[in-house]
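A quick write-up on the structure given underneath.
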Amino acid sequence: MGKHRRAVCVAIAIGTLAGCSAAEKGLSDADRKRAETLFEDNCAACHSNGDTGAPTRPALETRTPAAILASLETGLMREQGKALTPEDRKLVAAHLGAKAGKVAGQMCDGKLRLNSKPLWNRWGNGIENHRYQPASIGGLTPANVGTLELKWAFGFPNAARARSQPAVTDEVIFTGSQDGRVYALDTQSGCIWWTFDAESEVRSAPTLGEDGRLYFGDFNANIYAVEAATGQLVWKKSVKDHPAGTITGSPTLHDGRLYVPMSSTEVVSAMNGDYGCCTFRGGVTALDAKDGRKLWRMHTTAAPKQTTKNKNGVMNFGPSGAPVWSSPTVDTKRGLLYIGTGENYSTPANDMSDSIIALDIGTGRVRWVQQMIKGDAWNASCGIHSNNINCPREDGPDLDFGAPPILAKAADGRDIILAGQKSGMIYALDPENGGKLLWEQRAGMGGFNGGVHWGMATDGRALYAGIADTPGNKGAVGPPRQGMHAFDVASGKPLWSKIEPYVCQEAKHECRTALSAGVTLTDGIVFAGALNGILRAYSTRDGSILWTTDTRRDWPTINGVKGYGGAIDSAGPVVAGGLLIVNSGYDKFGQIPGNVLLVFGPRENRKKK
């Protein structure tokens, strides 16, 4: 995928499939030897080298055989899996994968009664994607943040990453997991109120509606509505219109409609020289929240046409790509929906990639487009670790808008759209004037693995941007500036920067202090987690560190599952009801695997009901 990757060997993704009987019965020595040979011949080039972007072998071995098999047959690696026979795919999956176990955890007594409004909801804690929580609701302040300590931890079984940002009420924490199970956990104790099994990995942020339903998407591009009090399914709808379609960003719920961002794994399929790249079209699908009925669909590229043949003689197609990685932003005043797009997958690059786009919220029609970088087409066939057979002639630079646009009201009363890009640039656009550029500032050196990745935060006065800027970036400008940066919203004037120098020199994520996950703001504090697992609370006054903890370690879990933390990426911290809640562990792109949801609170007290 275009969003945040080191190289072209990309992670195996979780799917759901019937278990592998070979794993249950055990493998013979001959089976193991053959499976090892198959792995070395077909998989090791990517998965034995953490620098390639794929999960390492130890990370693969935390997954179930069913998950690995699903990825090879119907998931992200299905094009690579075609090189193996069905029997060999099962053998490799059984050899690599851990045996599936029952979900551990104590069930709560009685029935869940949701009597309170959400404390944190949606990806951006609101339809404008501010990622801001007032202290009156968050309960954390500069005075008590220094006393934060672990209250409890929950370990996700059969997982090597934790990336579904929770929704929180006084009573319950809703979150998804890598094996597709959605949990309703008691906010104070961590006991389980209910679970729901989706078809595949749930990596979006669940959203609690005023109708008492919980909405979320899965890796196979299904959208679900379940009763929030019981987990009972209300409806399930697929929004997939391409075999490689998926959902990476979180759906936005507003006024009885769900706006679903569409991305895909076709960028990985392009690694196969016998694949006709590429035909996926990014966009947004609008659904009726009552029953899942499709209302409209918008595409970010025209229908692809035949272009030229690749070196293998296979016909290519274009334009394609321009996926929407993040949660759409709602402008109720103007009746608009704002989205950010990624790169094209194939030649020709079009005029909607690497753009902020305004859509009519009722029809999906494009009202205006502000493209920041022209001519950006890239796929996983490009680069030193791949064959370049399907690499488009533009060959990058792959500078997506992976973070959602923010609609903010500046101190002078003006509405401003704020957008951060992997280029390291931050832009302010005028929603009253067709997205006209108001100001721009460079926050980081940028590149395909640099700049702003998943999300910025604002209170309307200042904008806080975490910068990744990991090494090996194409198109970088200047030195790396990984760390936290603050800007005046109205003028773009830099307020302060806190650069986080690497803690060691080796080319491994344990050394990397890059801030890739979404950052989260409350009064006086901005929270951010780093790729090396360090979680920090920065003072909004000057960027000084108010509190820090290393999540990259073993954790005792409330549900008895062996818990370990790792890289913090994608999902950002959540501040709600006197608690700081964060996922730790991210096995993609050679990062540090982990499987825990961590719940911190001030030492002196918990939130009183």
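Checking the structure you have, find out if any residue of segment 488-507 is touching an Asp or Glu at 6+ places or on another chain (Cβ under 8 Å), assigned to a loop (DSSP other than H, G, I, E, B), surrounded by fewer than 16 Cβ atoms within 10 Å (Cβ to Cβ) and in contact (Cβ under 8 Å) with a residue 60 or more places away in the chain.
Checking segment 488-507: at least one residue is touching an Asp or Glu at 6+ places or on another chain (Cβ under 8 Å), assigned to a loop (DSSP other than H, G, I, E, B), surrounded by fewer than 16 Cβ atoms within 10 Å (Cβ to Cβ) and in contact (Cβ under 8 Å) with a residue 60 or more places away in the chain.
Report, by residue number, each residue of segment 137-153 that is hydrophobic (A, V, I, L, M, F, W, C) and part of a loop (DSSP other than H, G, I, E, B).
Within segment 137-153, LEU140, ALA143 qualify.
Give the residue, chosen from TYR224, TYR183, that is out of contact with any helix residue (DSSP H, G or I) (no Cβ under 8 Å at 6 or more places or on another chain), under 15 Å from ILE558 (Cβ atoms) and crowded, with 18+ Cβ neighbours inside 10 Å.
Result: TYR183 is the single residue among TYR224, TYR183 that is out of contact with any helix residue (DSSP H, G or I) (no Cβ under 8 Å at 6 or more places or on another chain), under 15 Å from ILE558 (Cβ atoms) and crowded, with 18+ Cβ neighbours inside 10 Å.
Can you work out which of the residues in segment 186-218 that are assigned to a loop (DSSP other than H, G, I, E, B) and among the hydroxyl-bearing types (Ser, Thr, Tyr) is surrounded by the fewest Cβ atoms within 10 Å (Cβ to Cβ)?
Once the filter is applied, the top-ranked residue is SER189.
Inspect segment 424-437 for any residue being buried (at least 21 other Cβ atoms within 10 Å of the Cβ), farther than 22 Å from THR522 by Cβ, modelled with pLDDT under 95 and among the small types (Gly, Ala, Ser) and give the result as yes or no.
The answer is no, given that none of the residues of segment 424-437 is buried (at least 21 other Cβ atoms within 10 Å of the Cβ), farther than 22 Å from THR522 by Cβ, modelled with pLDDT under 95 and among the small types (Gly, Ala, Ser).
Residues in segment 144-197 that are at positive phi and at pLDDT below 95: how many?
2
Among the residues in segment 341-355, are any buried (at least 24 other Cβ atoms within 10 Å of the Cβ) and charged (D, E, K, R)?
yes
Please enumerate the residues belonging to segment 154-180 that are of a type in the set (A, V, I, L, M, F, W, C) and either surrounded by fewer than 24 Cβ atoms within 10 Å (Cβ to Cβ) or assigned to a strand (DSSP E or B) (or both).
PHE154, ALA167, VAL168, VAL172, ILE173, PHE174
Would you list the strands (runs of 3 or more DSSP E) that sit entirely within segment 309-381 and hold 1 or more residues that are within 22 Å of the chain's Cα centre (by Cα)?
329-331, 336-340, 355-360
If a residue must be more than 19 Å from SER263 (Cα to Cα), of a type in the set (D, E, K, R) and either part of a loop (DSSP other than H, G, I, E, B) or without any contact (Cβ under 8 Å) to a residue 60 or more places away in the chain (or both), how many such residues does segment 382-423 contain?
6
In the list GLY276, GLY283, which residue meets the criterion of being in contact with a strand residue (DSSP E or B) (Cβ under 9 Å, 6 or more places away or on another chain), at positive phi and touching a residue at least 12 places away in the same chain (Cβ under 8 Å)?
Being in contact with a strand residue (DSSP E or B) (Cβ under 9 Å, 6 or more places away or on another chain), at positive phi and touching a residue at least 12 places away in the same chain (Cβ under 8 Å) holds for just one of GLY276, GLY283, which is GLY283.
Residues are listed down the side, and each one gets a yes or a no for (1) at pLDDT 95 or above; (2) within 22 Å of the chain's Cα centre (by Cα); (3) buried (at least 24 other Cβ atoms within 10 Å of the Cβ):
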| site | (1), (2), (3) |
| --- | --- |
| GLY518 | yes, yes, yes |
| ASP542 | yes, no, no |
| THR549 | yes, no, no |
| SER584 | yes, yes, yes |
| GLN591 | no, yes, yes |
| LEU597 | yes, yes, yes |
| LYS607 | no, no, no |
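On the given criteria, is GLY282 touching a Leu at 6+ places or on another chain (Cβ under 8 Å) and more than 23 Å from ALA160 (Cβ to Cβ)?
no
Residues checked against (1) among the hydrophobic types (A, V, I, L, M, F, W, C); (2) crowded, with 18+ Cβ neighbours inside 10 Å; (3) modelled with pLDDT of 85 or more:
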position: THR64; (1), (2), (3): no, yes, no
position: GLN80; (1), (2), (3): no, yes, no
position: THR85; (1), (2), (3): no, no, yes
position: ASP88; (1), (2), (3): no, no, yes
position: ALA98; (1), (2), (3): yes, no, no
position: ALA104; (1), (2), (3): yes, no, no
position: MET107; (1), (2), (3): yes, no, yes
position: ASN115; (1), (2), (3): no, no, yes
position: GLY124; (1), (2), (3): no, yes, yes
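Could you pull out every one of the strands (runs of 3 or more DSSP E) wholly within segment 231-295 that has 2 or more residues that are aliphatic (A, V, I, L, M) and buried (at least 23 other Cβ atoms within 10 Å of the Cβ)?
So the answer is 257-264, 283-288.
The values are calculated or read from the model by the stated rules, or taken from the named source; none is laboratory data. This one's a predicted model, so the numbers in the text were calculated from it and none came from an experiment. Ideal geometry is used to build each Cβ from the backbone, glycine not excepted, and the neighbour counts take in all protein chains shown.
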